[in-house]
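What follows draws every value from the coordinates through simple rules; no lab data is involved. Note that the structure is predicted; figures quoted are calculated from it, not measured. Cβ coordinates were reconstructed from backbone atoms using ideal geometry, including for glycine residues, and neighbour counts include every protein chain displayed.
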Amino acid sequence: MMKTTALALAVLCAAVLLGGLLSGIDRRLTARLQSRQGPPLIQPFLDVIKLMAKERMVTNPWQAFSPVASLAAAAVALVLFALQGDLLVILFVHMVGGVFLVLGAMASPSPYSQTASQRELWQMLSCETLLFLIAGALYLTTGSFRLSELSALPEPLLYRLPLLFAAFFFALTVKMRKSPFDLAGCHHAHQELVRGVFTEYVGPYLGLLEIAHWLEVMLYLAICSLFWATDAKGMILLPLAVFFAVIVLDNVAARLTWRWMLGWGWGASFILSAFNLFWLKG
Amino acid sequence: MTITADRIESGELCRAVAALKEQGCRFVTITCVRADSAGAELLYHFDRELSLSHLRLTVSGDEVPSICGIYASAFLVENEIQDQFGLRFIGLTPDYQRTLYLQGEDSAPPFRGPSGPDRGE
Amino acid sequence: MAGTVIPFGPQHPVLPEPLHLNLKIEDEIVISATPAFGYVHRGLEKLADIRDFRQMIQVVERVCGICSMIHALTYCQGLESLMGVEPPPRARFLRVIWSELHRLHSHLLWLGLFADAMGFESLFMQLWKVRERIMDMNEATAGNRVILSVNVIGGVRRDLDPGQTGWILSELAEVEKGIKAMGRTILHDYTVQKRTRGKGVLSREQALELGCVGPMLRSCGVAQDMRLLGYAAYGELDFAPVVERDGDCYARCRVRFAELGQSIDLIRQSIGKLPAGDISVPVKGRPEGEIVARAEQPRGECLYYIKANGGKFLDRLRIRTPTFANIPALTVMLPGIELADVPVVLLSIDPCVSCTER
Amino acid sequence: MSEAILVVLIIVPFLAALACLLIRSSACRSFIVIATVAGLAVSSLLLQGPLAPDAGMRWAGIIDPVITGGDFLLLAIMFFLGCRYRNFLIIMLTASQLGLFAWLEFFVFAEDQGPALFAADALSLILVRVVCTVGGLICLHAIPYMQAHEQHQNLARSRQPQFFAVLLLFLGAMNGLVLTNHLAHFYFFFELTTLCSFLLIAHDRTEEAVGNALTALWMNGAGGLLLLLAIWGLYSQSAQLDMNGLVAATAGKPAALLPLSLLVLAAFTKSAQLPWQKWLLGAMVAPTPTSALLHSSTMVKAGVYLALRFAPAFAHTLLAQGLMLAGGFTFFAAAALAIGQRNAKKVLAYSTISNLGLIFACAGIGTPGAVAAGILLILFHAVSKGLLFLCVGTAEQQVHSRDIEVMRGLCAQMPFTGMIAVLGMLTIIVPPFGMLLGKWLVFEAGADHIVFYLMLVLGSSFTLLYWVRLAGTLLASGQTTGFKPEIKPFLTRFPLAALGCGAGLLGLAAPILYARLLVPLTSLFPGGRAFSAGRGGVLTTAVGSFPLIVVFAVAALIGLLALSGVSKAMVGRKGTAYMSGANAGLPDHFVGPLNRPVRAVVENAYLAPLFGEERWTLWLNLAAAGLLLFILGGALWK
Amino acid sequence: MGMGLIDNLISTARRRSPWLLHFDCGSCNGCDIETLACLTPVYDVERFGVVNVGNPKHADILLVTGTVNLRNREVLAVLFEQIPEPKVVVAIGACGLSGGIFREAPNVVGGVDKVIPVDVYVPGCPARPEAIIDGVVLALEKFREKSKGKGEGK
């Protein structure tokens, strides 16, 4: 029990540090791609510390409730992942984060935050379905939803799930709120919904959500590593490669509309994944 | 030097404007100038193939017929003149009721009344 | 069903300037868009009552920072004809150079903001990086990056020496290279096309009826360009208006993008033909009478009505800016598009609220 | 002991119903209802399974003729109703039932049949408790509700006696339905619920109400006919009417598949599965207690009960596959239709249909894990859905609309009801609450079948979407005007609070239920996988595990933490909403054109072209009908 | 000691993570485009952690350009009120300082400080990007003064 708790804490600390750092790398890399120098790598941490020390201000008490729940959900999901738990349970727990993010955003009278929460719902729909299909693929290959079974596979999952992997890339782009799918909120404010679902979260609440976002991205990258779970090197390199690919895509694409995301993006991803599953089953 | 413009009465304004539209003129804008007496003078500018033609209308009272029905794009400039000169355009849609730039009826039209540095303030 | 009502502006990150749109939308499709103005209104024209006709040059330069030089140019040209003054040839060519530099910087600025409106941040950054070269040229030749105070009645105030013209030519080559590099993305990228093609479509007839001017009108297939009037030295230069037919945001983008090349070309021609001589003529007396002056700004036809009575102060100065003429088109283009496209369509008219409201 | 309890559970509601009908004093009626509900709830909790094989046999001599007589009476009443409303379908269906039943009763069924009259396995026990507690709470809630309801109607003579009589009768019928082990008796109770539902739906006597009630009557009449045909078929297979015996006797018999498939189809109509959903959607016109009762604890649960009860008989056949697919399809399709709804009650209705589809699918999968999931889902769904219906009903009486957009900001207007409603919605979509636990079990059990898994994934994502949207809408900062403080009678608040607690905490009991009640079911399903509720409250299946207690504890901790954060936030400066800087003083207004304040409104995106029922119902029904044919065909194939 | 460390950390973070809200309060666009130019590759203020958030609720520094007029005065006040503490206001350009060349125009109220308290004034017509960056840096120093004794934004 003690060991588990210690492991959980260690995983969380590592994930926060790594997640923040990745966010720093993201900003720096984006800046380089835009011919700029960009902020220092620790900038995300400075941002969060600053946010935590800002004034608390809410238009509806739920805005104070939601970030805590959202962050906690991401943290629990990540810990369960580290403990090699049931992928389905991890995904269910992870969903809670999105649910509360939307609830908090809808609680505000601001039309921007509310409109964005509608879009966030479509985004959630897109991401969650694809993740559950990955869980299904995991089951079909290993006969179990437990992550612990994966390392016993003879070859990386990627070989058998190329189409699903492509769909996952789509989901990751949506989740990381990167162009062309930074629809319901993104890291810079230049979009028609201001900062989307984050518009109304002030100071510490935004800070908590920022950390929650780091953790969620870490979880996604961890899920990405499942595609190459047979080899430690692959488990690190594959997520990193995908991460950089997302950032590059962010910088070579305009934002598309949520109708496009739902119709072409998600529709194609879902069909590809389903096809992959049938193929897997043989 | 003055601009050569056809003088018209407010009653025949709409007909004259409609006729210009028939000829394929692009509506450019309306200029409002204070006349020497209490009234104002409206200059309607039209363009065809880079050459301008003008209509001149002298307003004695407060009310002018709107040409929004003929050129819908005139709504902006007519609202502007309502704000600046306190005229009223009859049939204007959408009518901002002197709130296009100003805060409504309680703020006075700035171009009404005498002009010049000694005449202002 | 009531649908959704969103206040779009006055303060909004995609709007560089305060403008308000009362948007009624349903499932993120715009049903109606009612604009509200007055957030940048200053009442500039009224300043003619207390600033004399020469001081007004500085005021009209500040109608709008993006096309300041051309405002002053239109105003000065109006007064010049009113007072019967003919500016020397060198001044006329210099005016073209600065006008076209202005157009370059304005179009690059617009392309950047347009890219940003559709969420293409890196394109925005690259375009503005190129634009900084123009700003440097502005600063080196006119002493200010944004507001180029070079026009006076009867000519210009500053001259270009051969070193400067040579430097401008070499800088322009760099700018041209930068623009070409981005052309592929701007004109052929899938996501950009997805966001601009078929959005905010105006037919040729609609555009004329709504009184559109400048690139708005040219993107609908009308070859209307005030430079064809031949003011300054345009009559002696070789150019043809850029015309597109589709009348959508993509066509507007193409027009403005092509005009970048046209401006560079016009500057090169002007530098090539730049005659020697004075840059201004002395002007005496006071203006009297009334006149309408027009010039082509980056956003289109700009119209000045000047009425003077022979005194120090003008009787009436009226400025009809191109954005003012293009705004009515918004009321037609906005309904029916997606909320996400509102910034794109809104920016496609290249709004300058500061011009519009003065 | 258990016989006495059986009497209380089945007979007392009938007597109480009679009393309600006769005594017109409202105080007396309230007392009768409260006493009956309390008695039922206590007895249902006291009832222990399994019953002795001879439970109730002593009165078999009385029960049998009474029920047979009752059957004829019921069918006669329905026939009369069909004639009165000139509904040809109803006349035809009842007439054929009448004929068939008479023929079966007098010529086919052997007189000396002596099946065990009552049985109470895990399934029956859970359902009885659900009927008595959740159904009971709904009856309590109905007391103040109906008073308010009638105040609007200006009736010359209160129609509450009939209403409560039918309500209690319904509870009795449901108790009988789930406890009886005699298939012919089951048919009686089945038909009784049909009639009760007709009376409840038609209660307001508006044209729409009567029309919808008639739809319900003919559809369920068709279900009754199918059931009767199934009974005939099953009887001809093994010459008995003992339900448990029939299950054992028909298991693995290809010839029994046809009657079994008819049975499943009958269950589908009762549970309003696609393409039979119309009657349940129409039932929404009735006063809310009716909808709550029909949707959560009774009526529709009769169908899934029937399917689950007979699941061992057709486990792992093509019929089961068809059932799984049809259930999965309904789960997905009804969830999709729910997204397009802006009528709160209809969202709840589609959600019910969708969840019942999931339970049917469980019966179709037929592994112990799946069946356990199905039974747990019945329980959790009843509690959560009952709660939500009561909340929406309470809200409807305050805001006088069922439109979700009108309910926007309900939590500000009605903090108690609103918050409980949000809690209820969260219990459906968020772990560690019960519904999600059940869904997790279904995922684990259904992952072998890709098509089903795809439907499951889509369906549960859609479910998440419409619930979050509805919850968020209720939570939104509401209109500032027209604020009335929420003052509700105790009988309104108590059922809400009780169901709220139940929905929140019942999930915790899942491991115990799982270990005590559901594991014994394993033996009925050959080839099932091992599953267990292990140490530390970890639910384990062969393919995964759910650390329930830990997640619950963490969730509770986080909830408290977040609440303390809320209390901190309440102290600080209250912010105004971002309106592009154009705020006009009031929380949701901005300064619009003409300098006038405009209210900023946001409506949810219901995406009618993508999820609208007008557009899709026909196609979805056709697809569902195709799947039903597949079920029938699957039965004929072997 | 521990508290001192945390205070230091917060103070550092504040100075190294200034998020801007830029509001055009009736400017001629000159100062606006120069403010925007600060974000672009040549000036790249993100090097210092500056982000243009475009939303008062996330901002630390309010950059105001232009003369205030009767209509946008209300907007300016609302935006200022919506920024959570600690916050700093920077007025940019001659117009933001005093109304500039427009101060006698009929619909002009005057400088930004007629409506909200201004901490830093950046002169120029228009203010150059370097001057604006300098103004932001000065504003950061104001944070150090403001955080003293104020702690967690009370």
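Which helices, counted as full DSSP H runs in chain A, have an axial Cα extent of no less than 24 Å and a Kyte-Doolittle average of -0.5 or above?
On the way: long enough: A:2-33 (45 Å, 1.17); A:62-82 (30 Å, 1.73); A:87-107 (31 Å, 2.53); A:111-142 (46 Å, 0.34); A:203-225 (33 Å, 1.18); A:232-251 (30 Å, 1.84).
Length and hydropathy pass: A:2-33, A:62-82, A:87-107, A:111-142, A:203-225, A:232-251.
The mean number of partner chain beta-carbon atoms within 10 angstrom of a residue's beta-carbon across peptide A:62-73 is 6. Taking a sphere under 15 Å around the Cβ of residue E:100 and counting the other residues whose Cβ falls inside, with K and R at +1 and D and E at -1, yields a net charge of 0.
Ranking request for peptides A:216-226, C:79-89, D:306-316: highest mean number of other beta-carbon atoms within 10 Å first, then the rest in descending order.
Working: A:216-226: 22.8, C:79-89: 19.0, D:306-316: 24.8.
So the order, starting with the most tightly packed, is D:306-316, A:216-226, C:79-89.
Every pair of different Cα atoms in the protein assembly as shown enters the Kirkwood calculation, which places the hydrodynamic radius at 35.9 Å. From the residues B:103, B:76, B:91, which one has its Cα farthest along the dipole of segment B:6-103 in the positive direction, the dipole being from +1 and -1 charges on Cβ of Lys/Arg and Asp/Glu about the Cα centre? Projecting each Cα onto the dipole axis, the largest value belongs to B:76. Once the chain from residue D:586 to residue D:615 is taken as fully extended at 0.36 nm per residue, the excess over their C-alpha distance is 6.5 nm. Taking a straight Cα-Cα cut-off under 17 Å and skipping sequence neighbours fewer than 8 places away in the same chain, the lysines within cross-link reach of residue C:284 are C:312. Across all Cα atoms of segment A:2-281, the radius of gyration (one decimal) and Dmax (whole number) stand at 18.2, 55 Å. Of A:178/C:24; A:50/A:178; A:178/D:439; D:385/D:488; D:301/D:345; A:281/C:194, which ones are farther than 26 Å apart at the Cα? In this structure, A:178/C:24; A:178/D:439; A:281/C:194 lie more than 26 Å apart at Cα. Counting only DSSP H runs of at least 4 residues, each contributing -39500 (n - 2.57), and dividing by the residue count of chain D, the helix-based mean residue ellipticity at 222 nm comes to -22500 deg cm²/dmol.
In debye to the nearest 20, how big a dipole does segment B:6-103 give about its Cα centre with +1 on each Lys and Arg Cβ and -1 on each Asp and Glu Cβ?
120
Find the percent of Cα-Cα distances in segment A:1-78 that exceed 21 Å, and round it to a whole number. It works out to 48 percent of all Cα pairs.
Between residue C:176 and residue A:241, what is the FRET efficiency for a Förster distance of 30 Å, r being their Cβ-Cβ separation, to the nearest 0.05? Don't jump to the answer; show the numbers that get you there.
Details: r = 37 Å, r/R0 = 1.22.
So the FRET efficiency works out to roughly 0.25.
Per-residue Cβ counts within 10 Å, from other chains only, averaged over C:311-322: what number is that? Working shown, then result.
On the way: counts 2, 2, 6, 2, 4, 8, 0, 10, 2, 7, 1, 0.
Per residue, the average neighbour count from other chains is 4.
Rounded to the nearest 5, what is the percent of antiparallel bridges among the DSSP beta bridges in the protein assembly as shown? Can you show the working numbers first?
Working: 66 of 89 bridges.
Given both bridge residues lie in the protein assembly as shown, the antiparallel proportion sits at roughly 75 percent.
Cβ-Cβ distance of residue A:271 and residue A:7, R₀ of 41 Å, FRET efficiency by 1/(1 + (r/R0)^6): the value works out to about 0.55.
Which FRET efficiency value, to the nearest 0.05, do you get for residue C:203 and residue A:17 by plugging their Cβ-Cβ distance into 1/(1 + (r/R0)^6) with R0 = 45 Å? Mind dumping the intermediate values first?
Numbers: r = 58 Å, r/R0 = 1.29.
With a Förster radius of 45 Å, E is 0.20.
Over 19 Å apart at the Cα level, from the set A:54/E:142; A:54/E:114; E:57/E:87; C:129/C:199, are A:54/E:114; C:129/C:199. Summary of the geometry: segment E:1-69 and segment A:268-282, compared by the centres of their Cα atoms, lie 48 Å apart. Projecting the Cα atoms of A:41, A:113, A:186 onto the charge dipole of segment A:2-281, computed from C-beta unit charges around the Cα centre, puts A:41 farthest toward the positive end.
Can you pull the Rg over Rh of segment B:6-103, Cα-only, Kirkwood? Could you put the intermediate results ahead of the total?
Numbers: Rg = 12.8 Å, Rh = 13.6 Å.
Answer for segment B:6-103: 0.95.
Spatially, segment A:187-259 and segment D:530-609 are offset by 21 Å when compared through their Cα centroids.
Which peptide among D:383-389, D:556-562 comes first, and what is the full order, when sorted by highest mean count of other Cβ atoms within 10 Å? Can you show the working numbers first?
Details: D:383-389: 30.0, D:556-562: 14.7.
Going from most to least packed, we get D:383-389, D:556-562.
Per-peptide packing, taken as the mean over residues of other Cβ atoms within 10 Å, places B:79-89, B:40-50, D:459-469 in the sequence D:459-469, B:79-89, B:40-50 from highest down.
Inter-part distance, segment C:208-264 to segment D:418-464, computed on C-alpha centroids, equals 58 Å. Averaged over the residues of peptide C:62-74, the number of Cβ atoms from other protein chains lying within 10 Å of each residue's Cβ is 3. To make sure I understand the rule: partners must be aspartates and glutamates, Cα under 12 Å from the Cα of residue D:346, and not fewer than 8 residues away in the same chain. Which ones qualify? Reachable aspartates and glutamates: D:403, D:613.
May I ask you to list the residues of segment C:180-200 whose amide nitrogen lies under 17 Å from a point 7 Å from Cα along the Cα→beta-carbon direction of residue C:245? Under cut-off, by backbone N: C:198.
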